[in-house]
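The values are calculated or read from the model by the stated rules, or taken from the named source; none is laboratory data. Fair warning: this is a prediction, and the values are worked out from it, not measured in the lab. For neighbour counting, all protein chains shown are included, and Cβ atoms are generated from backbone atoms with ideal geometry for every residue, glycine included. Please note that ligands, DNA and RNA were not included when accessible areas were found on the heavy atoms of the full protein model with its side chains. Shrake-Rupley method; radii C 1.70, N 1.55, O 1.52, S 1.80 Å.
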Amino acid sequence: MSTKHILIIPGDGIGPEVTLWGKAILEKIANLNGYDWHFQEALMGHAAIEATGSPLPEQTLQKAKQADAILFGAIGHAKYDADPNLKVRPEQGLLSIRKALGLYANLRPIQLFDELLGASSLKEEILKGTDILFFRELTGDVYFGEKQLSADGLTASDLMIYSRYEIERVAHKAFQAAQNRKGYVCSVDKANVLESSRLWRRTVQEVAKQYPNVRCEHMFVDNAAMQLIKNPTQFDVVLTANLFGDILTDEASQIAGSMGMLASASLGDGPGFYEPIHGSAHDIAGKNKANPLASILSAGLLLSHSFGLYKHANAITETIKKVLKAGYRTIDIASPKTPTSKVLGTSAMGEMIFNEFTNPKS
Ligand code: IPM
Ligand code: MG
């Protein structure tokens, strides 16, 4: 394998303590296989505002553009959540880098570990067999439409806007993925109310014609929110817009037991960007309580999508299964039945996965 440059952006809150373990597993894989991988670090979010005044310093963006892949932690700080008047905000860093790198397709697999069936607030018999891959459009929608606040500060608006090409490119990714899965795309919109959703639906219907082997159906987002909890096994690939995807994937994380278990890949035409779907969780930051598995799984997505190392990515998942099977849990996925001796902190869980990981057989 050729030389690779991996940029690590630990970010805010629990970001640094979990990303440490995502990076560690990548380093171990490089060492075991003699891969020439170079790691660099950069600032983003609150950490970057404190150091430079900007949530996305130019230097970080340059390093990101030059990297082959990026592993990111989390973004945000309680100070900003409590004060909507602050103009410079950590999240602007994440949104700007998504836009600047053209990361239009956000893949969020809802991967269910059988060992964690009991950790969800939903019934086991409803969850069992769930395997959903979300494609969330990531560089359009109300996130990036024009924002306005009237001079008197009494009226505000965010424009929900999509262009056909933005819908087409993410739709193609979703249909291509479905061809290698169960062959079903459920496109989620609000076409009964929103003009932008009607464009979404029309465009997806046209893209679908190019994939005759993939079944395509459309669902309104309110219904989808309900169906996800009622009968999650009905879904295969879910394709949706930026805002709907943000909300539905947090909801879907409960199927997997915890936000601490879910990884994501943001893909476009440049380097891939990998991050846990959980946020900065300031309340537990620095307390050795965060679950590092989402960061480790994000490293796995990096291996598959950016480097084509599917077997190594799979070996990461298998290692996690093994550790879960042995009964070890971080606090977010522990149940009242978990013996306290098996409830691990961030570093003990990270270290256990690191130590247990071995190269795939062939
Ligand atoms: C996510 C997050 C971000 C988003 C925030 C931190 C801006 O919730 O990646 O899901 O809304 O996209
Ligand atoms: Mg979110």
Point to revise | Interchain or long-range residues, amide H under 5 Å from Ile110's placed H | key: Ile132, Leu133, Phe134
Study note, to complete from the structure: From the Cα centre of the stretch 37-84 to that of the stretch 159-195, the distance in Å is 29 Å
Practice item. Mind checking the per residue accessible area of the chain for me, 1.4 Å probe, whole number of Å²? Key: 44 Å²
Point to revise | Cα-Cα pairs of the stretch 9-50 separated by more than 13 Å (percent) | key: 58 percent
Revision key, fill the gap. Of all DSSP beta bridges with both partners in the chain, the antiparallel percent, nearest 5, is 35 percent
Point to revise | Whole-number percent relative contact order across the chain, with pairs defined as alpha carbons under 8 Å at least 6 apart | key: 22 percent
Check your understanding: Just from its helices, what would the mean residue ellipticity at 222 nm be for the chain, if runs of 4 or more DSSP H residues each count -39500 (n - 2.57) and the sum is divided by every residue, rounded to the nearest 500 deg cm²/dmol?
Key -> -12500 deg cm²/dmol
Exercise for review: Tally up the carbon and sulfur contribution to the accessible surface of the chain as a whole percent, 1.4 Å probe, everything protein left in place.
Suggested key: 52 percent
Revision key, fill the gap. Residues meeting the amide H criterion for Lys4 (H placed from the backbone, H to H distance under 5 Å, 5 or more places apart or on another chain) are Asp36, Trp37, His38
Check your understanding: Which of the pairs Lys99/Lys147; Lys28/Lys361; Lys63/Lys321; Lys230/Lys322; Lys128/Lys287 have their Cα atoms more than 26 Å apart in this structure?
Key -> Lys63/Lys321; Lys230/Lys322; Lys128/Lys287
Review point. Antiparallel DSSP bridges in the stretch 148-264: what percent, to the nearest 5?
Key: 15 percent
**Study point:** Of every Cα-Cα pair in the stretch 207-311, the percent that sits beyond 18 Å
**Key:** 61 percent
Revision key, fill the gap. Karplus-derived 3J(HN,Hα) from phi for the stretch 254-262 (6.51 cos²θ - 1.76 cosθ + 1.60, θ = phi - 60°), whole Hz, x at Gly and Pro, runs 5, 5, 7, x, 6, 4, x, 9, 9
**Study point:** Computed over the stretch 85-223: relative contact order in percent, which uses C-alpha pairs under 8 Å that are six or more apart
**Key:** 18 percent
Point to revise | Distance in nm between pseudo-label sites at Met1 and Ser96 (7 Å out along the Cβ direction from Cα) | key: 3.1 nm
**Study point:** Amide H contacts under 5 Å for Gly272, placed H, 5+ residues apart
**Key:** Ile70
Study note, to complete from the structure: Cα-based Rg and Dmax for the stretch 256-331, in Å, come out at 13.3, 41
Review point. Across 20 Å bins from the origin, how do the percents of Cα pairs in the chain run, short distances first?
Key: 29, 60, 11, 0
Revision key, fill the gap. Subtracting the Cα-Cα distance of Ala151 and Tyr310 from 0.36 nm times their residue separation yields 51.9 nm
